[in-house]
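First the structure, in the form of structure tokens, and then the observations on it.
The values are calculated or read from the model by the stated rules, or taken from the named source; none is laboratory data. Because the structure is predicted, anything quoted here is derived from the model rather than measured. All Cβ positions, even for glycine, are placed from backbone atoms using ideal geometry, and neighbour counts span all protein chains on display. All accessible areas refer to the heavy atoms of the entire protein, side chains included, with ligands and DNA or RNA removed. Shrake-Rupley method; radii C 1.70, N 1.55, O 1.52, S 1.80 Å.
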Amino acid sequence: MGNLNRRARRGIEPIVAAILLIVITVVAAILLYFWFSGYLSTTTTRVSQVSAPEEAQIIGVNYNPSGSQLIVYVQNVGQIPITIDQAYILNSTTLNIICTLTLTGYSSPPSAAYTTAPASGVTLTYGNSAALYFSIPSGCSLNPNSLYVLKLVTARGTQITYQFST
């Protein structure tokens, strides 16, 4: 009788206990994998949409001293739309601001008809290019045969620079 009582208190076999622990661990690992893969893919998609960089390049600049106008040819080479809403002319050596430009109009593509620029700036979808027309204020004098830096700033704060000569 003492031997029978001992077996009844003994519990489950060690092999069954080990197999049960392995099964519980595998199931927990599979559940964690599915949870993290769904969570991480959703989070990664959100982050990539928010953190996609604005990428644009200035192709060229035409300066018209008699008309006090600067025509800037710009192309969006990134994957998201950009809105150009500020422009500056900088000294090429000190990079100090010489003058702030006013966006008066654009044509997109550059061969299209001139359109008056909205106050919010000009938006370029990815892959598109445009000619941006800026008026140079009367107090801003650019010396002939001198180097300057044009800085365009997007609504998100991305800066695009280009060195040109007058």
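Just a few scattered comments:
- When residue 139 is tested against (1) surrounded by fewer than 19 Cβ atoms within 10 Å (Cβ to Cβ); (2) closer than 22 Å to residue 53 by Cα, only condition (2) is not met.
- Flag if residue 112 is within 24 Å of the chain's Cα centre (by Cα), more than 17 Å from residue 57 (Cβ to Cβ) and not in a strand (DSSP E or B): no
- Counted residues, the range 89-104 - those being without any contact (Cβ under 8 Å) to a residue 40 or more places away in the chain and at positive phi: 0
- Screening the candidates 90, 103 for the property of being open to solvent by 20 Å² or more (accessible area, probe 1.4 Å) and not in a loop (DSSP other than H, G, I, E, B) yields one hit, 103.
- Test: residue 83 is open to solvent by less than 50 Å² (accessible area, probe 1.4 Å), touching a residue at least 12 places away in the same chain (Cβ under 8 Å) and out of contact with any helix residue (DSSP H, G or I) (no Cβ under 7 Å at 6 or more places or on another chain): yes
- Unique residue being of a type in the set (S, T, N, Q) and either free of Cβ contacts under 8 Å to residues at least 40 places away in the same chain or surrounded by fewer than 17 Cβ atoms within 10 Å (Cβ to Cβ) (or both) when the list is 166, 123: 166
- Close contacts from the range 47-58, counting a first residue that is under 24 Å from residue 131 (Cβ atoms) and of a type in the set (S, T, N, Q) and a second that is modelled with pLDDT of 75 or more and open to solvent by less than 80 Å² (accessible area, probe 1.4 Å), with Cβ to Cβ under 9 Å and a gap of 6+ residues or different chains, come to 57/74; 57/75; 57/76; 57/77; 57/160; 57/162.
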